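Taking it in order: structure first as structure tokens, then the write-up.
Please treat every number below as a calculation from the coordinates, not as lab data. Because the structure is a prediction, the values reported are computed rather than measured. With ideal geometry, Cβ positions are generated from the backbone for all residues, glycine too; neighbour counts draw on all protein chains shown.
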Amino acid sequence: MFFTSPARNNVRILVLFAVALGLIIPFTACNRRRVHDAPPSYGRPYLTWQNDPATTMTITYHSEEKPDSVVALYDIVSDPESYHFRAEGESWQIPGLPDGRYINSVELTGLAPGKDHYFRIGDGEEFSQEYKFRTLPDDNTPMRFAIGGDTLATRLFRDLIREVAAKDPLFLVIGGDLSYADGRFERIGRWNAWFDHWHEEAVTSDGRLIPLVLAIGNHETNDLDGTHEERAPFFFGFFPQGGKTYWAHQYGGNMGLIVLDTNHLVPHKEQVSFLEEKLQAYQDLPFATAVYHVPFYPSFRSFDCEYSVAGREHWLPLFDAYEVDVGFENHDHTFKRTKRLRNNEVDPEGTLYVGDGNAGVPPRRPKCGRWYMEKTAQTPHFWIVDVSDSEMELQALDRRGRYFDAVTVRSRAKHGDTP
């Protein structure tokens, strides 16, 4: 037991009184940077996809030491002591990362579409508490997801994720610029803070973990000469998504989503054949969409920005030819919704572009008067998107859980429906 002098007790009382009045910030608050320099909650899982979102799930967690093995026990019934299925994964480190953490990951395959699955992770001897996720449907069952970009590990990001989780999406897409660590090891604290916010808030009202779909942005990469993994060590090291910066999956029975790289590691031109192949594959689906970082139609930066021009030159002709329904854009740190556009002109049957990457970063004031804009605002947000076989409803959600904009895109005649 510790004893203190009356004088010391008086000092403590004065300090506590000052803290209560807000005259002194408590140690834990004023040293938030130090807290985030510590590793995130080791053992807390997060989810991505490498393959079909209806039948697979990739579970990843970090640890201070390398586990003897990486094991997931799982089932569609919540009975932690008698799961019927087991999968084994692997561990790796990001070369050069000073804290030497291990990233441990296991992919579950052969899952039942559209079902809740329960799992525990461990080293084969000791296992975590039970967690839950839901696979995507593989039929025309309506589906909800959330999408935004440019997050940063801010209180704003945390508030937005809390409100998004309350809307119970099946997954969340971030269109680049996650923690703003720029692929630099000395900024690992930004990732620790980002994961802290994600683990604390990204759980739905019925207790499901929300899978992540992540595009690459300019703040995922460094200026080093090297491989893609060396240029974007955290993007590849933390998030198993198939090992590329561009890919596509069918998400549910009604939508194809193409993830693209706006010249952060792979030039626009090198993705043209891939983009056309995927757009051809999604022609029979009710909706074809794409997400990427730098916008074709910026709301803050110049219309003649190099990467915006490249996107319009190399990808826009395919968007127009294959009638992409929605382009999800980011990078400019505003809210925007364009008019429907085709061939760089207003067309009521054209593509809708929404964005513009304001899901945690401080908002910018958008440029007014651009011919292609329908609505802009200086409002942080995520889009909540409901997809059925006949329409896609997009609602912009702010940090207080309020919808402040909405638009509906209907399935077109090209997909077999009436316009």
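Applying 1/(1 + (r/R0)^6) with r as the Cβ-Cβ distance of R410 and N343 and R0 = 22 angstrom yields a FRET efficiency of 0.60. Taken about its Cα centre, the chain carries a charge dipole of roughly 1940 debye when the Cβ of each Lys and Arg holds +1 and the Cβ of each Asp and Glu holds -1. Neighbours of W198, meaning other residues whose beta-carbon lies under 10 angstrom from its beta-carbon, give a summed charge of -1 when Lys and Arg score +1 and Asp and Glu score -1.
In this structure, the pairs whose alpha-carbon distance is over 31 Å, taken from K167/K339; K269/K367; K132/K336; K167/K336, are K132/K336. Remark: the Cα gyration tensor places segment 256-383 in the prolate category, a/c being 1.5 or greater and a/b exceeding b/c.
Extension gain, E270-V309: 0.36 nm per intervening residue step, less the Cα-Cα distance, totals 12.5 nm. Cβ-Cβ distance of K375 and Y42, R₀ of 35 Å, FRET efficiency by 1/(1 + (r/R0)^6): the value works out to about 0.20. If you work out semi-axes √(5λ) of the Cα gyration tensor in Å from the coordinates, which of (i) 37, 28, 21; (ii) 113, 28, 26; (iii) 31, 26, 20 do you get? Entry (i). Count Lys and Arg as plus one, Asp and Glu as minus one, and take only other residues whose Cβ is under 10 Å from that of G355; the net charge is then -2.
In the chain, helices alone account for a calculated mean residue ellipticity at 222 nm of -6000 deg cm²/dmol, with every DSSP H run of four or more residues adding -39,500 (n - 2.57). Long hydrophobic helices in the chain: the complete DSSP H runs spanning 15 Å or more by Cα along their own axis with mean Kyte-Doolittle hydropathy of at least 1.0 are 6-21. In this simple spin-label approximation, E130 and K244 carry label points 7 Å from Cα along the Cα→Cβ vector, and these lie 3.8 nm apart.
Of F274, F239, F296, how do they rank once you tally other Cβ atoms within 10 Å and put the fewest first? Display every interim value, and only then the final one.
Details: F274 16, F239 21, F296 26.
Arranged by neighbour count, lowest to highest, F274, F239, F296 become F274, F239, F296.
Among beta bridges from DSSP that stay inside the chain, the antiparallel ones total about 75%.
Listed by chain and number, the aspartates and glutamates whose alpha-carbon sits under 12 Å from that of K244, ignoring those within fewer than 8 places in the same chain, are E229, D261. Note: relative contact order over the chain, using C-alpha pairs below 8 Å and six or more positions apart, is 14 percent. State, to one decimal in nm, how far the label point of T109 lies from the label point of S390, with both points 7 Å from Cα in the Cβ direction. The modelled label-to-label distance comes out at 3.9 nm. Highest GNM mean-square fluctuation among W49, W371, W198, for the chain modelled with Cα contacts below 10 Å: W371. For segment 291-319, list residues with backbone N below 18 Å from a point placed 7 Å from the Cα of N218 toward its Cβ? Taking a point 7 Å out along Cα→Cβ of N218, the residues of segment 291-319 whose backbone N falls under 18 Å are 292-313.
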